[in-house]
Amino acid sequence: DAPNSVHKLDRHRRSFPDFTPNLHSFVLNRTAKLTDIVSAAVISGCGFLVSEKVKSIVERFETIPVKFYQAKLIHRQKSYDYYWMHLVSHDFSQLIDYPRSEFEAVYLGTQLETFQVNSFDELLMKKAEFVQLQHGSYVDVRGLSLRINKSIAKYSILSLLGFDFRFHLRQDLKEEFL
């Protein structure tokens, strides 16, 4: 691994890297459609490859800490200027208004149930129940409709480490992408 390898970004989920990552050649499958947001599975850090259009939209909103690194995306032998949008995650799970939120349990891509809980601890107990029902197999418990307490409602993009590994967008930012 080179000192600036993208594989070192996984160590930087809660901080920005102390190096400029080498993002010079992401090859998109020939049959894939070129989009403004590209998930880069090879990078296990927190973020996405994004176009200039997405970068300019995100920069107009207040988000959790974000930094953009220049990247090259290659599709059908053409090179495109993209950015790695690196988001610094925090554990905001205690700031969810649980009684007003809705959750789902998913097993192998199938929704088992939607439900509500009153606290993070109750959510963890509910997840343990689903795992037990599936004989120890992994069950994904995630938010369907999350209500956030006012202290972090200002952020247009959130990553809720300790809760799930997805990014959550506020409605006004979602509408910018439509």
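Charging the Cβ of each Asp and Glu at -1 and of each Lys and Arg at +1, and nothing else, the dipole of the stretch 61-112 about its Cα centre rounds to 500 debye. Averaging over all projection directions, the Cα-based convex hull of the stretch 47-158 occupies 9.4 nm² in the image plane.
Taking amide H atoms as placed 1.01 Å from N in the peptide plane, the amide H of Leu112 lies under 5 Å from those of Ala105, Val106, Tyr107, each 5 or more residues away in sequence or on another chain.
Here, each number is a calculation from the coordinates, and none is a lab measurement. Bear in mind the structure is a predicted one, so any value in this text is a computation, not a measurement. When we count neighbours, we look across all protein chains shown, and the Cβ atoms used for this are built from the backbone with ideal geometry, even at glycine.
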